[in-house]
Amino acid sequence: MSPDRPVGDLFRRFRERLSAERPAGPHGGLERLSAGRGSAAERENGSRATAPGPGMGRTDAGSRDAGLPPHPPRDAAPRRRRGKGGKGGGEQLTVPPAEFTSYYGRPVLKPPVWRWDIAAYLFTGGLAAGSSLLAAGGQLTGRPALRRAGRVAALAGVGASTYFLINDLGRPSRFHHMLRVAKVTSPMSVGTWILSVFGPAAGAAAVAEVAPLLPEHGVLGLGRRLLPPAGHAAGVVAAVTAPALATYTGVLLADTAVPSWHEAYPELPAIFAGSALASGAGVGLVAAPCAQAGPARRLAVAGAAMELWGSHRVENRLGLLSEPYTQGTPGKLLRAGRALTAAGVVGALVGRRSRVLSALSGGALIAASVCTRFGIFHGGVASARDPRYTVVPQRERADRRAADQV
């Protein structure tokens with residue numbers, strides 16, 4: 001530092017004064033200078049324990065000795081929250097709990113990439129299962145028209161389901177690759193095998209319906225004699241597999257992390273089973289004459305009861321997660337499904353002798369199944385897009401666990 005500058009002069013004079021006043025001691029004049037400065041500050045502003053300035057660390061005892069007004073204490077231990085058993089826990093909260101926010105309002109979960117073809121797959125799979133049960137009922141009770149309608153509808157439904165599933169997978173080879181393993185803990189793997197067993201059985205049962213059109217002699221005559229018993233056996237296999245086909249899609253949706261699907265895991269299989277029965281009954285009411293439609297009417301009542309019960313539960317039991325099923329497009333679809341189901345059941349019971357009313361009732365039941373499946377599908381997608389349906393239930397569950405531990 002240059003001695004010609006003012007700052008250099010000040011420093012040089014300070015150093016000279018320090019060396020001139022240094023006594024014999026371990027720290028020399030530094031002790032006297034610091035003591036002098038401290039004494040002057042205490043005489044002017046008080047000690048650190050009694051200083052009136054806002055930045056000083058005044059203590060309770062120092063303020064009391066100096067006769068100063070009360071001041072926020074600095075020598076008191078921080079207050080503690082009382083934990084389990086009355087013992088001290090963590091520090092006391094000084095701010096209210098944070099309100100729910102999301103990072104830039106973005107979803108916490110990635111919404112399902114499934115498109116409308118998966119919702120259509122849910123419907124056609126249920127239609128195939130319900131129609132197969134209807135065909136088995138017609139087969140066991142000697143109602144050929146009901147049996148024929150159920151078998152043809154089951155084949156059409158499983159064929160459409162296979163198309164929609166492969167279309168969603170993108171390449172047909174992916175469906176084949178899923179058959180290379182069988183994983184019981186994966187609903188998708190189990191469903192692929194169910195569809196693989198049900199499809200050929202439903203197809204064989206439907207092909208057997210063309211036996212009366214074949215000639216009586218020759219090679220085709222042999223087919224005419226062998227197809228009916230083979231069709232009966234295949235129909236039984238399809239009917240046995242049908243309940244699993246009707247309900248596994250509900251388990252598949254509930255096994256995901258989508259909030260409104262996952263929380264409705266007890267109801268979704270029941271809803272899909274009831275919807276499958278109702279749609280199969282609708283096929284029988286449309287295609288079979290009134291004299292043979294008795295099993296279809298009973299199937300319609302059972303399916304409607306299960307479907308209406310499940311829909312009511314998901315719209316009222318889930319708390320906040322019931323909102324996606326009652327608002328917007330999902331709410332409209334589910335309300336339309338309930339109305340169509342009720343109208344279809346009433347028409348089926350009232351129009352026992354009216355072919356037109358029975359057909360209209362069957363159409364209403366099939367349309368109700370479409371609305372229900374699409375409503376459940378869109379409700380789950382809506383709950384994944386809004387982060388509130390993911391975070392708020394998680395916090396509520398955490399609060400309940402904390403309250404149970406106290």
Karplus-derived HN-Hα couplings along the stretch 267-277 (A = 6.51, B = -1.76, C = 1.60, θ = phi - 60°), whole Hz, x at Gly and Pro:
8, 4, x, 5, 4, 5, 5, x, 5, 5, 4
Each residue of the stretch 321-335 in order: what ³J(HN,Hα) in whole Hz does its phi give by Karplus 6.51 cos²θ - 1.76 cosθ + 1.60, θ = phi - 60°, with x for Gly and Pro?
6, 7, 4, x, 7, 10, 10, x, 4, x, x, 5, 5, 5, 5
If you count only protein heavy atoms with a 1.4 Å probe, what accessible area per residue comes out for the stretch 171-210, rounded to a whole Å²?
55 Å²
Using θ = phi - 60° and the Karplus curve 6.51 cos²θ - 1.76 cosθ + 1.60, what whole-Hz ³J(HN,Hα) does each residue of the stretch 294-302 get, with Gly and Pro shown as x?
x, x, 5, 5, 5, 5, 5, 5, 5
Can you figure out the FRET efficiency of Ser196 with Ala403, using R₀ = 45 Å and their beta-carbon distance, to the nearest 0.05?
0.40
Among residues other than Glu315 whose Cβ falls under 13 Å from its Cβ, what is the net charge (Lys/Arg +1, Asp/Glu -1)?
+1
If all Cα-Cα distances of the stretch 161-303 are sorted into 5 Å bins from 0 onward, what percent lands in each bin, rounded to whole numbers?
2, 9, 12, 16, 18, 15, 12, 9, 5, 2, 1, 0, 0
Sorted peptide list for 351-361, 233-243, criterion being average Cβ within 10 angstrom, highest first
233-243, 351-361
With DNA, RNA and ligands ignored, accessible area of Arg151 (1.4 Å probe; Å², nearest 10):
10 Å²
Can you tell me the accessible area per residue over the stretch 211-327, all protein chains present, probe 1.4 angstrom, in square angstrom?
41 Å²
log10 I(q)/I(0) for the stretch 285-342, Debye formula on C-alpha points only (no solvent), q = 0.19, 0.20, 0.24, 0.29 Å⁻¹, two decimals, reads -0.72, -0.76, -0.92, -1.13
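Calculate, in whole percent, how much of the Cα-Cα pair population of the stretch 264-388 lies beyond 24 Å.
It works out to 28 percent of all Cα pairs.
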Alpha-carbon radius of gyration plus Dmax, which is the widest Cα pair, for the stretch 345-404 in Å
21.1, 62
Residue-count net charge about Ala145 - beta-carbon cut-off 14 Å; Lys, Arg +1, Asp, Glu -1:
+4
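The values are calculated or read from the model by the stated rules, or taken from the named source; none is laboratory data. Everything numeric in this text was worked out from a predicted model, so none of it was measured. When we count neighbours, we look across all protein chains shown, and the Cβ atoms used for this are built from the backbone with ideal geometry, even at glycine. Quick note on the areas: whole protein, heavy atoms, side chains included, nothing else; ligands and nucleic acids left out. Shrake-Rupley method; radii C 1.70, N 1.55, O 1.52, S 1.80 Å.
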